[in-house]
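*Asks:* If you scroll down you'll find the structure; I have some questions about it.
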Amino acid sequence: MPKSKKRLLKRLLSLADIRGWFSPSMANDDAGTFTKREKVMVLGVAYVLAIGLWFMVNMDREFTITTNLPVAMGDLAEGMALRQPIPTSVQVTLNGPGWNLMSLYGNLPNLVLDVRQEEVDVLASARDLLTGDGVNVLRVQPFMLTIRIDDRVTKRVPVEPRLQIDFRNRYDLVGPIRLFPDSVDIAGAKSVLDTIRSWPTRRDEITGVRDALDLSLALVEPSYIMQISHPTVRIEADVAEFTEGEVRIPIRTRGQPRNRDVVYSPTFVTVKYDVPIEEYTRSLAQVLFAAYVPYTMATRDSTGFVVPQIERTESSLHIRIRSFQPRTVSYYHIVAE
């Protein structure tokens, strides 16, 4: 046994005289029996001594352990990028003296892979890194890695907001959501970027919305084989309280010949729509919709009923069609003389 460990053992054994160490009353042989508190203290010290002696005796033996060895990526050639991620760790089985394994286990170094090679011998790299002081690398999983690289390029794609908005009753968006910036630059392997059409934000949800939106959304973080130009975007949106409007519009026929006409029953449809309260008065003074039936639809029909098509004719107001009635109308042809 090494001298340092012998000295440590002697020091531990010197603690055996615990009666005099803990209490003067315990050092006196005439003091009587141990108290309950003293018994607990004796047992505690004995337990610590037993554990220490076990380590002293057994940690010189050889052990085999399996652990995860962290992996780091070496430098890539200029203008190149990884096509596929490499593992963040590999499973390694080590054999050696207990003291040496314990010291190594608490301070495992990074296994730096040479990603300029197409095939990396992970087992050989791990042995170069860890073998020494009686420690041997028995196996590594995976023992080989295939490195796939491609030309590094940069591509700009639109941002895809993934924001779920729950509005208060009668409130809704006025116009589209605006993004600043509305696109992001992605850098990475060309073969990877060719498959990307947009870049999403992280999923988020806001409830009870009644005021205009102005908030920041985080973009989905890419894997380390890609980089994005900025981590967040700002979202703006106008919100307003809506009210309901109603208007009757006549049904017309589109694309009919000059010598033919189509008569509908009823001749009008009633359209219900939502409009922001501040735009309601303006909506009453304008022609908002047109109702029509394509002539080809009437000629091909054999039931005697057709579905009118509703078309918006005004684009400056933020109007949304809720419904229209009737959904179908009957018709008949008139041949002009």
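The values are calculated or read from the model by the stated rules, or taken from the named source; none is laboratory data. Fair warning: this is a prediction, and the values are worked out from it, not measured in the lab. Heads up, the Cβs are rebuilt from the backbone with ideal geometry, glycines too, and the neighbour counts pull from every protein chain shown. These accessible areas exclude ligands, DNA and RNA; they are computed on the full protein's heavy atoms, side chains included. Shrake-Rupley method; radii C 1.70, N 1.55, O 1.52, S 1.80 Å.
*Asks:* For ASN136 and THR281 in one chain, what is 0.36 nm times their gap in residues minus the Cα-Cα distance, to one decimal in nm?
*Replies:* Extra length from ASN136 to THR281 when fully extended: 43.7 nm.
*Asks:* In whole Å, largest first, what are the principal axis extents of the Cα atoms in region 197-337?
*Replies:* The Cα atoms of region 197-337 stretch 76, 41, 23 Å along the principal axes, largest first.
*Asks:* Taking the solvent-accessible surface of protein heavy atoms with a 1.4 Å probe, what is the per residue accessible area of region 128-287 in Å²?
*Replies:* 60 Å²
*Asks:* Here is a further query. Of TYR292, TYR280, which has the most accessible area and how do the rest follow, probe 1.4 Å?
*Replies:* TYR280, TYR292
*Asks:* Can you compute the modelled spin-label distance between SER265 and THR195, with each label point 7 Å from Cα toward Cβ, in nm?
*Replies:* The modelled label-to-label distance comes out at 6.2 nm.
*Asks:* Using square roots of five times the C-alpha gyration tensor eigenvalues, list the equivalent-ellipsoid semi-axes of region 127-211 in whole Å, biggest first.
*Replies:* Calculated on Cα positions only, the semi-axes equal 48, 21, 10 Å.
*Asks:* Probe 1.4 Å, all protein chains in place: accessible area of TRP99 in Å², nearest 10?
*Replies:* 80 Å²
*Asks:* Simple spin-label model, 7 Å along Cα-to-Cβ: SER229 to GLN91 in nm?
*Replies:* Roughly 4.4 nm, to one decimal.
*Asks:* Here is a follow-up. Ranked from highest to lowest mean number of other Cβ atoms within 10 Å per residue, what is the order of the peptides 254-262, 224-232?
*Replies:* 224-232, 254-262
*Asks:* Ranked highest first by average number of other Cβ atoms within 10 Å, how do 207-215, 86-94 line up?
*Replies:* Order by mean packing, descending: 86-94, 207-215.
*Asks:* Carbon and sulfur: what percent of region 235-337's accessible surface (1.4 Å probe)?
*Replies:* Within region 235-337, the accessible surface is 48 percent carbon and sulfur.
*Asks:* Sticking with this structure for a sec: Using a ≥ b ≥ c from the Cα gyration tensor of region 253-334 (square roots of the eigenvalues), is it rounded, prolate or oblate, where a/c under 1.5 gives rounded and otherwise the larger of a/b and b/c decides, a/b for prolate?
*Replies:* Since a/c reaches 1.5 and a/b is larger than b/c, the shape of region 253-334 is classed as prolate.
*Asks:* Kindly work out what percent of the DSSP beta bridges joining two residues of region 139-214 are antiparallel, to the nearest 5.
*Replies:* Within region 139-214, antiparallel bridges account for around 55 percent of the total.
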